[in-house]
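> Structure incoming, see below.
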Amino acid sequence: MASSGAFRNGTQKGAMKLDRPLSLFSNPKSSSSSFSSTSSSSFKSKPGVRRSSTGSLPGVPAKDDASVSGRVRVAVRLRPRNSEELEADSDFADCVELQPELKRLKLQKNNWDSDTYEFDEVLTEFASQKRVYEVVAKPVVESVLDGYNGTVMAYGQTGTGKTYTLGRLGEEDAADRGIMVRAMEDILAEISPDTDSVCVSYSQLYMETIQDLLDPANDNISIMEDPKTGDVSLPGATVVEIRDQQSFVGLLKLGEAHRFAANTKLNTESSRSHAILMVHVKRSVKGKDSAPSSENGSMSSMLKTLKPPIVRKGKLVVVDLAGSERIDKSGSEGHTLEEAKSINLSLSALGKCINSLAENSVHIPVRDSKLTRLLRDSFGGTARTSLVVTIGPSPRHRGETTSTIMFGQRAMKVENMLKIKEEFDYKSLSRRLDIQLEKLIAEHERRQKAFQDEIERITIEAQKHISVAERNYADALEKEKLNHQKEYVESLKKLEEQWSKEQQKHGITKIELKDNGLIKTSREEIHAVSSVEEIAEVERLLQEESLLRRSTEEEANNLRHQLMLWKRSEASRNSEISKLQKLVEDEAHHKQKLEEEIAVLQSQLLQLSFEADETRRRIDGGGAGEVPNGLDSLISQVRHQQLRDSGDGEKASMAKLFEQVGLHKILSLLEAEDVDIRVHAVKVVANLAAEETNQEKIVEAGGLTSLLMLLRSSKDETIHRVAAGAIANLAMSETNQELIMAQGGIQLLSMTAAYAEDSQTLRMVAGAIANLCGNDKLQMRLRAEGGIKALLGMVRCRHPDVLAQVARGIANFAKCESRASTQGTKIGKSLLIEDGALPWIVQNANNNASPIGRHIELALCHLAKQEANAKDMIGGGALWELVRISRDCSREDIRVLAHQTLTSSPTFLTELKRLRIGYG
Ligand code: ADP
Ligand code: MG
C-alpha cells in the first residue's frame, strides 16, 4: 500500500454500486485476458513498454518508467449451503441472490428491500474450483511469470470458504485443487528449470507476530523494507526452492500441520490468523542481448558479453486472511480485551487502509499493522492484485455478509500501478567475465611464451650469421694481404730489372763519348745529365718503395702476431669451456644419482613412517580395528580371543601346559579326531605363534607345516581363521616366508580366500599374503601361484579391515617391483597390472578410510615409478589420481613422491602436456 497517492490515477473513483466497472472478468477460457481487463490486455499487447532496467539503475524507479495502471480486481464467491444450513434454514431464502451473467449480487436488506452490487466477477455456489482459479488467480500468476508482483487474497467470514478457495490440496479429488496448488502447477509448467527458479516461504501472522510455518521454532520473524526499492520481505523466513509439484504439496501439508500445532499451543483457531504464502519466481530474460556469446573472441561478441543478462523477479503472495467477523469484545475465546484488540489489529488496519485508498486520502495508515506493511505493494502499490470475497448464504449472518460485500466494493476502487521487476544479473555476468578473463590470461601467457621462443631462435640464428661473416671477413683480409705482398714483390722485381738496364745503357754511352770526340760532347753531356737525374729519381722511388715495403711487412707481421695471440687465447678458452662442460656433466650425473637415492630413501621413509603410524594407532586403539603391517594386532587379537575364551587363569595354565606337555604334543593335537580338540589346539598354537620368541621353535617343530595342513584338511571356519592368523604371524620373517612358499602356502591361502565368508578369516589370509608380497625374492612365484588374483578376489568382502590388508599387499608388491625396476632387474609392465589390479586401485584411490587410501596412494606412486606401466596407467585413469595425490594428498611426503614420479616420467609429461595440464 503506497502511503501517497502517487501510483493511483484517480479514475473510477465513483461508487461502484450499479456502476459497471472499467472492465469485467471475461471468458475464462481465454485466460490471458480473463481477469481483467482492458488494462491487463492492453499492457500485454503494448510491445515496446519501457523497462526500468534499460534506462536506469535496477530497483531505482525512473520517473516515467513502465508503470501500468491496474485496479484491484474483486470477485465474490458464494458457498453452497452446508448440511446444517440446509436443515436449520430450510424455511428461509438465502440472503443473497446472484446474477452471474450481469456480474451482480442482490443483498436482501429486509423482506421488501434489497441492494444491488456489481463485482468484477460473481461466482455462484456452483462455480468450479477450476473456473475460480482461472478468473481470479490465473491472470495474476501470468503477470508474476512476466516479472510483476502479484497478490491473491481471500476475505470473508469464518466458514465461508476462504481456505477452500485458496488452500485445498485436492488429493482425493483433483477437481478440488485450490488456487495455491493450481498456481504452482502453472508456474512450474512455464519456467525453464535450467535458467529459472521458484522459491517459497510460508508463514502465519497472529497477534502481530509472524511465525514460520516451515520451521515452527522460528516464531518471531521481522519484516524488512528496502528503503530504496520499497520491497517488503521476510528475511528470517525459511525459503525452500521448489522443483516439482509434489514437493510443493508436501510443503503446504507441512505448513498446515505446523499451523495446527501452533494454534493449538497458542489456544487459538486458525480462523484468527492470517496465512501468507510467498512464491518468488526468478526468470532470466531470453533474447538477442542476453544470449551467451559465442566462443570466438571477436570484438562484437566481447561487447555482447559485457551486457549483463536480465532477470525478472516476480513475487506471488497468496493470503488466507483471518475470519472477518468481529470478535466478541468480552473475550469469548478466553482472550482478554487487549488480546482481542491485538487479534483484530491487522485486519481492521487493512480495512482502514483500503478505505483511505478508496477515498483517495492523502494519508494511508500502512504502518499501523504488520499485515498492511506486508501488503504495502498489493494495495496502492505496484502489484497486480486479485481479491476474492467469500460469503455464505445464510440470512443469519446477514450483518457479516453485508460488511464483507462492502469491503469488496471498496477494494475495487483501489488503483495499483503495475511495474515490472527487472534487473541486471550482474552475478552471472561476473561469472562469465571471470571465465573469459581466465581464458585471455592463458592465451596471453601462451603467446608470450611463443614470442620468447621466437626471440631466442632469432638470436641464435643471428649469432650464427655473425660468426660466419666474421670468418669470411678474416679469410678475405688474409687473401687481400697475400695479393698485396705478391704485387709488391713483383713491382720490386720490375724496378730492379729496369734499373740494371739503365745502368748498362749508361756504361755504353760513356765509351761512345770517348770515341766520338768533342763534337758530340755537348749532346752527350746533356744526355748524361738527364740520365743522372733519372737514376736519382729511380733511386728515390726505390727508397720509397722499400720504405713502404718495410712498413707493410711490419704491419703484416703485426697482424700475424695478433692473429696468433687471438688463436692461442681462443684455444685456451675452448679448453676451459670443455673442462667446465665436463664438470657440469659430472655434476648432473651426480645430482641424478643423488635424486635417485633420495627417491629410494623417501619411499623407504614413507613406508617406515606408515608402519610407525599404524603401530602407534594400534597401540593407542588397543589393537581393535585394523590389521596393518606388522601383525602385532593379530597377536593381540588372538590373545584377546584366548582371554575371552578362557580367562586369565586359563592363560596361565596354558603356559604351564606348554611347559609340561611340550610343543610336539600340542602340535600333534592339531590332527586330533575331535574337532573341539583341534580348535583348541590351533588356538593354543596361534597364541604361541604370536610371541616372537616362540616362532622359531614352532617352525622347527613342524608347526608351520601342520598349520598349512589344517587349511587344506579342515572345513571349519574357526580353524581356518585362527590358523591363517597364526600363519600371518609366522609370515613376518623372511625365512618363514620362503618356507610358506615352498610348502605351497600361496595356493592354500588362495583356496581359503576363495571359500571364506567370515571377514576376519579374509583379513588374516589377506594379511598373510600381504606380508609375502613384501618379499623381493618371492614376487614371480607369488604371482605365478595366483597370489595377486587371490588378493584381488578378497575385495568382494567390503569390510574395511580386509580392504586395508589387500591395499597393503598391493603396495608392498608394487614397492618391490619398483625397487627391482630401479635396479634394472625388472623390465616390462607390473604384474599387478597384468593381473588386473589397476581398476580397483583407481576406484579406491579416493577411499577415505585412511589405511586403505594411504596404501593405495603409495601403490600408485610405486607403479608410476616404472615407466613400462605409464601407458596402462594413463589408459586406466591412474594419471588423474596421481595428479590429485600430488596436489591434494594431506601427507607431504606422499605428495612429493607423487610429484617426483610424475615429473620424472617422459610418458606422463607428454600426456600432461597433451592435455594441457600445466605441470612442472
Ligand atoms: P474459511 O477458511 O473461510 O473459514 P473453509 O474454507 O474452511 O472456510 O470452509 C468451511 C467449510 O465449507 C469447509 O468444510 C469447506 O469444505 C466448505 N466449503 C467452503 N466452500 C465450499 C464450496 N465452494 N463448495 C463446497 N464446500 C465448500
Ligand atoms: Mg480458513
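The values are calculated or read from the model by the stated rules, or taken from the named source; none is laboratory data. Here the structure is a predicted model, which is why all the values come from computation and not from measurement. Every residue, glycine as well, gets a Cβ built from its backbone with ideal geometry; the counts of neighbours run over all protein chains shown. Note: areas computed on protein heavy atoms with side chains; ligands, DNA, RNA excluded. Shrake-Rupley method; radii C 1.70, N 1.55, O 1.52, S 1.80 Å.
> Could you sort 566, 112, 840, 499 by their accessible area in this structure, using a 1.4 Å probe and putting the largest first?
112, 566, 499, 840
> Before I look further, what does the range 847-920 give for accessible area per residue, probe 1.4 Å, in whole square angstrom?
It amounts to 44 Å² per residue over the range 847-920.
> Taking amide H atoms as placed 1.01 Å from N in the peptide plane, list the residues 5 or more away in sequence, or in a different chain, whose amide H sits under 5 Å from that of residue 361.
none
> For residue 740, what charge total do you get from the other residues with a beta carbon under 12 Å from its beta carbon, if Lys and Arg give +1 and Asp and Glu give -1?
Result for the neighbourhood of residue 740: -2.
> Given a Förster radius of 51 Å and the C-beta distance between residue 257 and residue 755 as r, what FRET efficiency does 1/(1 + (r/R0)^6) yield to the nearest 0.05?
Using R0 = 51 Å, I get an efficiency of 0.40.
> How many angstrom lie between the Cα centre of the range 754-780 and the Cα centre of the range 122-178?
So the separation of the two Cα centres works out to 71 Å.
> In what sequence, largest accessible area first, do 505, 162 appear using a 1.4 Å probe?
On the way: 505 130, 162 15 Å².
Sorted by accessible area, descending: 505, 162.
> May I ask you to evaluate 6.51 cos²θ - 1.76 cosθ + 1.60, the Karplus curve with θ = phi - 60°, for each residue of the range 384-399 and list the ³J(HN,Hα) values in order in whole Hz, giving x for glycine and proline?
These are the phi-based 3J(HN,Hα) values: 7, 10, 10, 10, 10, 9, 10, 9, x, x, 6, x, 5, 9, 3, x Hz.
> Right, another one. Among 444, 473, 455, whose Cα lies farthest out toward the positive end of the dipole of the range 438-486, if unit charges sit on the beta carbon of Lys, Arg (+1) and Asp, Glu (-1)?
473
> Using the Cα centre of the range 438-486 as the reference point, and only Cβ charges (+1 on K/R, -1 on D/E), how large is the resulting charge dipole? Debye, rounded to the nearest 20.
About 220 debye.
> Please give the FRET efficiency for residue 483 paired with residue 530, using the beta carbon to beta carbon distance and R0 = 25 Å, rounded to the nearest 0.05.
0.10
> Quick one: net charge around residue 593, please, counting Lys, Arg +1 and Asp, Glu -1 for every other residue with C-beta under 12 Å from its C-beta.
Net charge around residue 593: -4.
> A follow-up question, please. Near the amide H of residue 412, under 5 Å away, which other amide H atoms are found, from residues 5 or more places off or on another chain, if H is placed in the peptide plane?
Amide H neighbours of residue 412: none.
> Where the only charges are on Cβ atoms (+1 Lys, Arg; -1 Asp, Glu), what is the dipole of the range 71-221 about its Cα centre, to the nearest 20 debye? Write down the numbers at each step before the final one.
Numbers: 16 positive and 30 negative charges, 94 e Å.
Approximately 460 debye in magnitude.
> Next question. At a 10 angstrom cut-off on C-beta neighbours, averaged per residue, how do the peptides 228-236, 476-484, 769-777 rank from highest to lowest?
Listed from highest to lowest mean packing, they are 769-777, 228-236, 476-484.
> Could you look at the range 135-183 and say what percent of its accessible area is carbon and sulfur, using a 1.4 Å probe and all protein chains? Intermediate results must be reported in sequence, preceding the final value.
On the way: 570 of 1290 Å².
Taking all protein chains in place, the range 135-183 shows 44 percent carbon and sulfur surface.
> If amide hydrogens are placed 1.01 Å from N in the peptide plane, which non-local residues have theirs closer than 5 Å to the one on residue 425?
Those lying under 5 Å, H to H, from residue 425 are 310, 311.
> Which entries of 449/871; 464/593; 253/427; 130/315; 593/789 have Cα-Cα distances beyond 26 Å here?
Where the Cα-Cα span goes over 26 Å, the pairs concerned are 449/871; 464/593; 253/427; 593/789.
> Taking the highest mean first, how do the peptides 729-742, 548-561, 692-705 order by number of other beta carbon atoms within 10 angstrom per residue?
Per-residue mean Cβ counts within 10 Å order the peptides as 729-742, 692-705, 548-561.
> Arrange the peptides 781-793, 678-690 so that the one whose residues have, on average, the most other Cβ atoms within 10 Å appears first.
Those peptides, ordered most packed to least, come out 678-690, 781-793.
> Now a separate question. At a threshold of 8 angstrom on Cα-Cα distance, excluding pairs fewer than six apart, so keeping six or more, what relative contact order does the range 81-232 reach in percent?
Over the range 81-232, the number comes to 11 percent.
> How many Å² of accessible area per residue for the range 438-486, probe 1.4 Å?
Value for the range 438-486: 94 Å² per residue.
> Okay, moving on. Tell me, what HN-Hα J-couplings in whole Hz come from the Karplus equation 6.51 cos²θ - 1.76 cosθ + 1.60 at θ = phi - 60° for each residue of the range 106-111, using x for Gly and Pro?
My calculation for the range 106-111 gives 9, 10, 5, 7, 7, 5 Hz in order.
> Still on this structure, I have one more. Taking K and R as +1 and D and E as -1, what net charge do the other residues with C-beta under 15 Å from the C-beta of residue 780 add up to?
+1
> Would you mind telling me the share, in percent, of accessible area of the range 438-486 contributed by carbon and sulfur at probe 1.4 angstrom?
Looking at the range 438-486 in its full context, I get 60 percent from C and S.
> Moving to a separate point now. Spelling out what I want: for every residue of the range 179-195, take phi, set θ = phi - 60°, compute 6.51 cos²θ - 1.76 cosθ + 1.60 (Karplus), and round to whole Hz; glycine and proline get x.
5, 4, 5, 5, 4, 5, 4, 5, 5, 5, 6, 8, 7, 9, x, 6, 10
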